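Please read the structure below before turning to the comments.
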Amino acid sequence: MSVSKKIVLLGHFGVGKSSLLRRFVENTFSENYMVTIGVHIMKKEVAVENDAVTLIIWDVEGTDDFTKYRSSYLMGASSFIYVFDATRAITYSDLKYNLNHINEKFRGIPVHVVGNKVDLVDENDLLKELEAQEIKHSYLSSAKTGKNVELLFQDIAAQLVTHAQ
Amino acid sequence: MHNKDVSKQFLDNRHQLVTVSSELKVVESDNVIFYLDKGSDITEFHPFFYTLTTIFDELETSHRFFCIQIEFLGKRRYIDIQTKKSIENQEVYVFIEDMTEHYKNVHQIKQVRNESIIQFNVVQELNNQLEVQRGFKNKFLANVSHEIRTPLNSIKGFLNVLKVSEVSKEQLDIINIVQDSSDTLVTILDDLLDISKIEAGRLEIKNRRFDFKSFIDVLRKTYALRAQEKRLDFDFEIGENIPNFLVGDRLRINQILINLLENALRYTHQGSIKLNISTSSRNLRRIPITFEIIDTGIGIAPENLERIFESFTQLEKRGLFGGSGLGLSIVKQLTGLMESELEVKSVEGEGSSFNFTLTLGVSHDQKSKIERDSVPLIALPDKEIKGKKKKKKRILYGEDIEVNQLLMTKLMADHGGYSLDIAKNGEWVIEYLERYPYDLLLLDLTMPVMDGFDAATVIRNHSNKQIRKIPIIALTARTTQEEKELAKEAGINAFLIKPLDQKALFETIDRLLNRYKKKKQEED
């Protein structure tokens with residue numbers, strides 16, 4: 001059985017959403033920051049046990065105000081990935097507020113919180129900071145080193161297959 | 001409606017109309033922008049079109065998608081897409097508009113904007129981290145200072161006591177050495193605290209009228225003697241047109257000059273040290289005064305000239321001659337706080353010259369001496385002044401540390417003008433005050449059970465007027481401005497820092513007792 005599922009990457013600009021996508025789909029990484037405007041869409045088929053899921057991943061232009069996201073970009077999503085930059089507290093200081101907005105607008109759609117660029121910080125310090133701000137994260141990743149990138153999408157794919165069944 | 005008819009509505013080659021079936025196959029396309037085979041799966045052309053599945057399921061018949069990035073024939077294009085569902089044919093019309101030129105411009109603007117915001121965020125993060133580190137450092141310094149000052153207080157105090165007891169010449173030499181070392185420790189502690197205060201923006205310049213000429217004269221005499229001890233010449237010049245009384249921060253000017261003169265002494269082994277003070281102005285309100293300290297010492301290499309102002313910097317060779325490496329950093333920062341700039345010129349092996357210009361106020365009163373200058377530095381006990389025995393003033397001392405209790409007992413016994421009782425915490429202080437009449441309270445701020453701040457607050461709100469009005473002097477190793485202000489708020493009249501300066505202690509006691517006596521007489 002093969003299904004296709006839409007996943008949307010959300011978060012402030014410059015947090016590494018496009019880099020995570022490129023690392024996952026093309027296994028490439030560039031240090032140069034290239035702004036995403038509008039939306040860039042890529043797909044990849046992921047095997048989950050005997051099944052295959054085609055992940056249609058929407059890399060949406062970053063913003064700090066989630067109420068400004070175009071609803072056409074988010075409609076039909078099976079899962080959201082909320083990416084923040086572990087080196088810039090400002091990209092997760094409003095996380096709870098933005099999560100509330102997404103959860104209210106898209107009830108029942110899972111949101112996976114990912115702290116990216118962990119290769120640039122002391123993970124223990126970051127964990128303490130997140131704990132202090134009561135931020136629950138799903139993964140700490142690095143698009144640069146590839147840390148947890150494959151695992152993130154694999155887990156989401158597995159969750160979507162289970163959910164579809 | 002046929003594609004041709006619809007495409008007639010558009011006048012250039014930036015628009016394309018595609019009809020897609022519910023199985024996501026291309027039914028028809030005018031291929032103006034992209035080439036799409038009839039019957040091909042449109043999702044194979046681009047994954048965006050998977051979204052059409054959702055559109056078939058939606059009740060709404062029309063949707064707009066802006067700025068979709070599509071790679072086509074090796075080029076990136078930005079397109080807007082509008083979809084319209086045909087219910088009767090179970091098809092979707094897809095209107096594609098090529099907006100590449102427009103969005104490329106938007107992209108450029110956003111690239112610059114986002115990069116600068118990210119850069120700003122990064123700088124902000126670094127600043128925040130520095131602030132946290134600085135706060136930690138300042139707290140650490142304040143705590144360390146407190147911990148060191150307490151034992152240092154007893155070392156310095158007992159050295160004074162030992163010095164006036166019967167000791168041999170050899171023992172006196174040793175006491176003097178230990179005393180010098182404790183003085184150095186106190187200076188280092190003060191320097192460390194000053195640095196942290198300046199960095200935290202908590203050091204204020206307090207401008208007051210002072211006798212500039214007398215102040216400089218004391219410095220001149222001190223350093224002429226110090227230079228002589230090192231067999232160096234000490235040259236001194238002061239402009240005749242400099243007024244006697246100026247308005248400025250005497251304490252900080254003194255600190256700057258002492259640091260620069262000590263520095264010159266430390267690094268000069270032959271020749272001379274010179275202090276020049278001059279002004280080019282005869283203004284009656286504010287005058288610029290230039291201070292210049294010139295030595296014939298070891299000098300500084302040009303590449304090291306900037307580094308000497310960093311905290312804890314002692315150039316390799318210079319480090320051999322002692323010092324904490326904080327002096328010049330403090331001087332640089334203090335002159336900055338007084339809106340001046342410290343300049344240094346130096347030739348390695350020949351000597352250095354430091355100079356700065358302070359703009360100081362000129363006091364309108366150039367004749368009268370400050371009243372307190374005429375008061376002897378150490379007030380003599382009443383019994384010696386009057387020549388007859390007087391009733392001793394009764395002092396209560398709130399202090400939990402035994403060695404400090406012992407030291408104060410000894411100081412009071414040697415002075416002879418006061419009788420002393422000791423209470424080991426704030427609660428005992430209150431208890432004693434309620435039981436016996438006291439003339440003055442000496443209060444340690446850090447005590448168990450009830451600390452000095454709380455005790456002072458209780459005293460100032462006491463129902464008994466005698467207790468409520470008692471003069472209180474805080475004796476403490478706590479040195480921050482915040483703590484001084486807290487003490488003031490709690491109703492404490494004076495604040496003395498440990499290690500205690502014996503002279504200052506008795507001076508303050510006398511001053512407060514006199515003030516209290518005068519007030520009482522006025523009330524009566």
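The values are calculated or read from the model by the stated rules, or taken from the named source; none is laboratory data. Everything numeric here is computed off the predicted structure, so don't read it as measured data. Positions of Cβ are backbone-derived with ideal geometry, glycine not excepted, and every protein chain shown enters the neighbour counts.
Within region B:44-57, count every residue that is more than 8 Å from every other protein chain (Cβ to nearest Cβ) and modelled with pLDDT of 90 or more. The qualifying residues number 4.
Here B:I273 meets the list (1) part of a helix (DSSP H, G or I); (2) over 20 Å from B:S329 (Cα atoms); (3) outside the structural domain of B:I148 (by TED's automatic domain parsing) almost entirely, failing just condition (1).
May I ask you to verify whether B:V26 is more than 26 Å from A:T36 (Cα to Cα), at pLDDT 95 or above and away from chain A (no Cβ under 14 Å)? Judged against the criteria, B:V26 is a match.
Quick one: in region A:7-39, of everything that is touching a Gly at 6+ places or on another chain (Cβ under 9 Å) and among the charged types (D, E, K, R), which residue is surrounded by the fewest Cβ atoms within 10 Å (Cβ to Cβ)? The qualifying residue surrounded by the fewest Cβ atoms within 10 Å (Cβ to Cβ) is A:R23.
Each residue in region B:415-429 was checked for being in a helix (DSSP H, G or I) and not hydrophobic (A, V, I, L, M, F, W, C), and 3 pass.
Summed over region B:495-524, residues that are assigned to a strand (DSSP E or B) and either outside the structural domain of B:R394 (by TED's automatic domain parsing) or surrounded by fewer than 19 Cβ atoms within 10 Å (Cβ to Cβ) (or both) total 1. Taken over region B:138-174, the criterion of being surrounded by 16 or more Cβ atoms within 10 Å (Cβ to Cβ) and over 19 Å from B:N404 (Cβ atoms) is satisfied by B:N138, B:L141, B:A142. Scan region B:119-130 and tell me whether some residue there is within 13 Å of another protein chain (Cβ to nearest Cβ) and over 56 Å from the mean Cα position of the chain (by Cα). The answer is no; no qualifying residue exists.
Considering each residue of region A:55-67 in turn, at least one proves to be polar (S, T, N, Q), within 11 Å of another protein chain (Cβ to nearest Cβ), surrounded by fewer than 20 Cβ atoms within 10 Å (Cβ to Cβ) and in a loop (DSSP other than H, G, I, E, B). Consider only pairs whose beta carbons are under 6 Å apart and that are at least six residues apart or on different chains; among these, list those whose first residue lies in region B:91-115 and is surrounded by 13 or more Cβ atoms within 10 Å (Cβ to Cβ) and whose second residue is in a strand (DSSP E or B) and of a type in the set (S, T, N, Q). Cβ pairs passing all conditions: B:E91/B:T19; B:E91/B:S21; B:V92/B:T83; B:Y93/B:T19; B:V94/B:T83; B:F95/B:Q82; B:I96/B:Q16.
Considering only region B:66-84, I want to know if a residue exists there that is facing another protein chain (nearest Cβ under 8 Å) and part of a helix (DSSP H, G or I). No.
A quick yes/no check of all residues on (1) out of contact with any helix residue (DSSP H, G or I) (no Cβ under 7 Å at 6 or more places or on another chain); (2) modelled with pLDDT of 90 or more; (3) assigned to a loop (DSSP other than H, G, I, E, B):
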site: B:I205; (1), (2), (3): no, no, yes
site: B:S214; (1), (2), (3): yes, no, no
site: B:L219; (1), (2), (3): no, no, no
site: B:L225; (1), (2), (3): yes, no, no
site: B:I256; (1), (2), (3): no, yes, no
site: B:I289; (1), (2), (3): yes, yes, no
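For region B:446-464, the set of residues classified as part of a helix (DSSP H, G or I) and touching a residue at least 40 places away in the same chain (Cβ under 8 Å) consists of B:G452, B:A455, listed by residue number.
On the stretch given as region A:112-132, residues that are modelled with pLDDT of 95 or more and small (G, A, S) total 1. Per the listing A:M42, A:M75, the residue uniquely under 14 Å from the mean Cα position of the chain (by Cα), within 8 Å of chain B (Cβ to nearest Cβ) and surrounded by fewer than 21 Cβ atoms within 10 Å (Cβ to Cβ) is A:M42.
Residues are listed down the side, and each one gets a yes or a no for (1) small (G, A, S); (2) modelled with pLDDT under 90; (3) more than 27 Å from A:L55 (Cβ to Cβ); (4) in a loop (DSSP other than H, G, I, E, B):
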{"site": "B:V20", "(1), (2), (3), (4)": "no, no, no, no"}
{"site": "B:L59", "(1), (2), (3), (4)": "no, yes, no, yes"}
{"site": "B:E101", "(1), (2), (3), (4)": "no, no, yes, no"}
{"site": "B:I109", "(1), (2), (3), (4)": "no, no, yes, no"}
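Let's see how each residue does on (1) surrounded by fewer than 13 Cβ atoms within 10 Å (Cβ to Cβ); (2) assigned by TED's automatic domain parsing to the domain that holds B:V144; (3) within 32 Å of the chain's Cα centre (by Cα):
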| position | (1), (2), (3) |
| --- | --- |
| B:S181 | yes, yes, yes |
| B:L189 | no, yes, yes |
| B:F236 | no, no, no |
| B:R252 | no, no, yes |
| B:I256 | no, no, yes |
| B:L260 | no, no, yes |
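Among residues of region A:78-99 being in a helix (DSSP H, G or I) and at the interface with another protein chain (Cβ under 9 Å from one of its Cβ atoms), the one that is modelled with the highest pLDDT is A:T91.
Provide a single number: the residues in region B:238-254 that are part of a loop (DSSP other than H, G, I, E, B) and under 15 Å from B:R286 (Cβ atoms). Qualifying residue count, region B:238-254: 4. The residue list A:I156, A:I109, A:I102 contains one member that is hydrophobic (A, V, I, L, M, F, W, C) and within 14 Å of chain B (Cβ to nearest Cβ), which is A:I109.
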